[in-house]
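Below: one structure, written as structure tokens.
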């Protein structure tokens with residue numbers, strides 16, 4: 001098959017009968033009359049035109065590309081969030097470039113710079129990890145979604161993790177549990193810090209309650225082994241609060257392997273309410289985060305920042321909701 005001829009935006013503009021700046025506006029999702037946009041897109045499709053990122057940066061135009069940094073694609077939380085980000089970007093005529101934790105900070109930054117992203121959405125920032133800081137140091141606008149960093153010079157949006165921890169504690173205490181364990185997330189994650197502090201404070205204020213804390217690192221395997229060990233102790237807990245749903249799934253399977261019936265002998269509460277949690281075979285009691293709304297607000301904050309770099313930084317906290325299903329009950 002013969003290769004299609006290489007064309008430039010100048011040639012696209014000439015054939016469509018418009019200015020080159022109009023072609024740029026169409027390709028970057030700018031405001032263009034519908035008929036003009038149709039003519040430009042017809043010529044673009046005719047030549048399968050793909051504008052060079054380097055050329056765009058030379059003329060000072062936006063690339064129309066937004067970087068999204070995530071930590072763990074195996075966690076069902078992140079595909080939901082990435083899909084929501086992608087949907088909002090698509091509605092604005094923008095595209096997504098994904099960076100995962102397979103890459104080092106240096107590799108991630110090199111990719112973001114090479115692709116000429118207009119800005120970056122971080123969904124899994126951790127204390128001490130350098131990529132977010134290095135990205136801002138290179139003048140690339142950043143928004144932190146889901147996980148936040150105190151004092152970080154960027155717009156941030158998160159769920160109300162403090163209320164999430166409080167709701168989980170009140171539910172288990174209200175059922176009458178007095179031997180409770182908490183399966184913690186990653187130590188440097190704001191979500192784990194906020195949920196843990198609130199749950200600990202609420203349980204501590206009840207009196208007469210034993211609270212055991214174990215590390216699950218937001219990881220299925222780590223949480224599974226930790227819960228198996230905990231359930232084999234001389235006085236195992238009657239209830240667990242897991243900092244995310246994936247660790248709650250691990251707890252449910254660990255209980256099944258140990259012959260501990262849920263909820264008859266062990267109540268389990270998660271946090272996130274990803275779609276799997278509502279499946280009948282799981283039916284997890286959990287705290288629902290507004291995942292899609294977090295993604296939407298994050299993209300809106302970033303696009304506002306691109307339009308006006310001098311805006312004061314904003315920090316949005318979105319409400320959560322307790323969802324009671326079949327994995328919790330009063331202690332036997």
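We did not get these values from a lab; they are worked out from the coordinates using the rules stated. Remember, it's a predicted structure, so these values are computed and weren't measured experimentally. Cβ placement follows ideal geometry from the backbone for every residue including glycine, while neighbour counts extend to all protein chains displayed.
Some notes on this structure:
- Förster-model FRET efficiency, 51 Å R0, residue 318 and residue 42, C-beta, rounded to 0.05: 0.80
- Relative contact order of the stretch 161-289, taken over Cα pairs closer than 8 Å and 6 or more residues apart, is 24 percent.
- Within the chain, antiparallel bridges make up roughly 10 percent of the DSSP beta bridges whose residues both belong there.
- The stretch 154-201 and the stretch 217-276: distance between their alpha carbon centers, rounded to Å: 15
- Maximal additional length on extending the residue 187-residue 170 stretch stands at 3.8 nm, based on 0.36 nm per residue less the C-alpha distance.
- For the stretch 230-332: relative contact order, % (alpha-carbon pairs under 8 angstrom, 6 or more apart): 31
- Seen against the Cα atoms of the chain and their longest principal axis, helix 105-114 is set at about 30 degrees.
- Taking 69, 209, 85 in turn, the Gaussian network model of the chain (Cα-Cα springs below 10 Å) assigns the largest fluctuation to 209.
- Once C-alpha pairs closer than 8 Å and six or more residues apart are averaged by separation and normalised to the residue number of the chain, the relative contact order reads 16 percent.
- Entry for Kirkwood radius over Cα pairs in Å (calculated from the structure that is shown) out of [x] 22.7; [y] 22.0; [z] 20.8: [y]
- Simple label model, 7 Å out from Cα along Cβ direction - residue 206 to residue 19, nm: 6.7
- Expected 222 nm ellipticity per residue - DSSP helices of 4 or more, -39500 (n - 2.57), all of the chain, to 500: -13000 deg cm²/dmol
- Pairwise label distance in nanometres, residue 280 with residue 73, each label 7 Å out on the Cα-Cβ vector: 3.2
- Of all the options 164, 248, 84, the one that moves most in a Gaussian network model of the chain with Cα springs shorter than 10 angstrom is 84.
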